[in-house]
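See structure below.
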Amino acid sequence: MTEGAPKHVIIGITGGIAAYKAMTLIRLFKSAGCEVKVVATTNALEFVTPLTIETLSQNALYCDTFKRSEQFDVHHISHADWADCMIVAPASADIIGKMANGIADDALSTLLLAIKKPLFIAPAMNNKMYANEAVQRNLATLQQQGCHIIGPAEGFLACGTTGKGRMEEPEKIFDDVMGYFSKDLPLKGKRALVTAGPTYEPIDPVRFIGNHSSGKMGFALAEVLADKGADVTLVTGPTVQTTQQSHIHRVDVTTAAQMYEACLKYSADADIIIMSAAVADYTPAAPAPEKIKKNDSSLQLELVKTTDILASLGKNKRDGQYIVGFALETENELANAQTKLHNKNLDFIVLNSTKTPKSGFNYDTNQVTIIDRDGKITPFDLQDKHKVAQNIVDHLIAKF
Ligand code: PMT
């Protein structure tokens, strides 16, 4: 067994066609040398049999809270104490709702309320159910409580449609759980807040002021931080970027004001903050309630300043917190970036080059220079944004 790997694993299974994949998950953990106990709902047992579960896990299935065994034991408490971690796969909309709201009405939900160990869930349901506001709200609640959400993936669904809702493959769930327990991860136990993408400032219901940020840089940073063990909250403006990393909690916003609210909410707990979003500096003072009609004369818009999120977080920086900003300059690059570094109370700033071809907005590559508080300047070549993110995170880890 790998060092740091969980010895005792509980797999919770709920009613859904993906329950058959939980059998592979049991096998993967067993093959890795873990002892596995399974807790299933009665609906799960419509899809897989107790005999299969018990044969694969080599342990008695726990399903009925009131079944008396020969030895006196309160299973939901003894299982909670025994486990090093618990994984619910597949996790139906029903169990997600119960977990988020503290409902305990069967063996699985009762155990989930009692357990205080790392908890992973792999949602699986129809894409429309997954997109439902209540399900999303429940998932966000669970994530805020520290639960690790793995997937779901996009693809063919049992109901015959295609979309997001398919349970992640057992191998991916296994890797994510084992990765979490790996001792080598330098940011294990750290919380990070990352911003990505543009903000859209509404002019009227159909128009906005935006910019060319694609979110690629911010998503790459969030993924590298999560891969290094951090629990990441990624606050992103409108973007087509996606991530499957289970340690990233994604919060979608549209405007600078919404991004500010989200950052305020998550910054207090964050050990690391990296602001790579291209936040609008100005927003229309009074967005028109109806579409502005074209007329012969010109159109004047009054713009008001948005809150500088990074400066505000820098001002309220607490001991031990590490704050990194970005700078996008078209002239006096170094001097302007250095001023931002000090004015916004940052630990270091990442200056994008706007002069290098294929660097900055929307490209897959970026050319950056890191400027430290002590004046040290570290330039990098033009690189893939994932590699740029690795350099930034490595720089941070060296200082942290
Ligand atoms: O998204 P991509 O297409 O991958 O492009 C990546 C990027 C070029 C957008 C990214 O690398 C980048 O440079 N982001 C910061 C862009 C920017 O707004 O720079 P700035 O110099 O205007 O702002 C300085 C810092 O203050 C930034 O960290 C910014 O997030 C922050 N800021 C700015 C304004 C504001 N109201 N609030 C802020 O927090």
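Just so it is clear, none of the values below were taken in a lab; they were calculated from the coordinates. Here the structure is a predicted model, which is why all the values come from computation and not from measurement. Counting neighbours? That spans all protein chains shown, and the Cβs are built from the backbone with ideal geometry, glycine included.
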By how many nm would the segment from R27 to K7 grow when fully extended, if each residue of separation counts as 0.36 nm and the alpha-carbon distance is taken off?
5.8 nm
Subtract the Cα-Cα distance of D364 and K172 from 0.36 nm times their separation in residues, and report this length gain in nm to one decimal.
66.6 nm
How much of the DSSP beta bridge set in segment 191-399 is antiparallel, as a percent to the nearest 5?
40
Final fewest-first order of H386, H75 on the 10 Å Cβ neighbour count is H386, H75
Please tell me which of these pairs span more than 25 angstrom C-alpha to C-alpha: K98/K164; K340/K376; K37/K228; K305/K358?
K37/K228; K305/K358
222 nm [θ] for the chain, helices only, -39500 (n - 2.57) per DSSP H run of 4+, per residue, to 500?
-9500 deg cm²/dmol
Volume per residue of the C-alpha convex hull in segment 117-168, rounded to whole Å³:
61
At q = 0.08, 0.10, 0.16 Å⁻¹, what log₁₀ I(q)/I(0) does a Debye calculation on the Cα points of segment 191-399 give, no solvent, two decimals?
-0.27, -0.42, -1.04
Express in % the proportion of alpha carbon pairs of segment 8-182 at distances exceeding 30 Å.
10
What nm value, rounded to one decimal, do you get for the distance between D269 and A158 when each label is placed 7 Å out toward the C-beta?
3.2
Suppose R0 equals 51 Å. What FRET efficiency, 1/(1 + (r/R0)^6) with r the Cβ-Cβ distance, do R373 and L301 give to the nearest 0.05?
0.85
Need one word for segment 92-181: rounded, prolate or oblate. Basis is the Cα gyration tensor (sqrt eigenvalues a ≥ b ≥ c); a/c below 1.5 gives rounded, then a/b vs b/c decides.
oblate
Relative contact order (percent, whole number), the chain, Cα cutoff 8 Å, 6+ residue spacing
11
Bridge type composition, segment 8-182 - antiparallel percent by DSSP, nearest 5:
20
Considering only DSSP beta bridges whose two residues both sit in the chain, what percent are antiparallel, to the nearest 5?
30
Intensity falloff of segment 317-363 expressed as log10 I(q)/I(0), Debye formula with alpha-carbon point scatterers, at q = 0.13, 0.15, 0.20, 0.33 Å⁻¹
-0.33, -0.43, -0.67, -1.19
Please report, in whole Å³, the volume per residue of the convex hull around the C-alpha atoms of segment 118-231.
145
For a quick check: sort L142, L185, L193, L396 by the number of other beta carbons within 10 angstrom, fewest at the front.
L185, L142, L396, L193
Using the Kirkwood radius over Cα pairs, work out the Stokes-Einstein diffusion coefficient for the chain at 25 °C and 0.890 mPa s, in µm²/s as a whole number.
106
Tally Lys/Arg at +1 and Asp/Glu at -1 over every other residue whose Cβ is under 10 Å from the Cβ of S57; what's the total?
+1
For segment 1-145, averaging the sequence separation of alpha carbon pairs under 8 Å that lie six or more residues apart and dividing by its residue count, the contact order in percent is 27
Note down the nm distance, to one decimal, between modelled labels 7 Å out along Cα→Cβ at N316 and at Q136.
2.5
Extension gain from A114 to F181, taking 0.36 nm per residue of separation minus the Cα-Cα distance
22.0 nm
What size of dipole, in debye to the nearest 20, comes out for the chain about its Cα centre when the only charges are +1 on Lys and Arg C-beta atoms and -1 on Asp and Glu C-beta atoms?
260
Please determine, in degrees from 0 to 90 and to the nearest 10, the orientation of helix 333-343 with respect to the longest principal axis defined by the Cα atoms of the chain, where the helix direction is its Cα long axis.
60
Charge tally in the Cβ shell below 11 Å around D394, where Lys, Arg are +1 and Asp, Glu are -1, D394 excluded:
+3
Quick calc: nm separation of the 7 Å Cα→Cβ label points for E261 and N343 -> 2.7
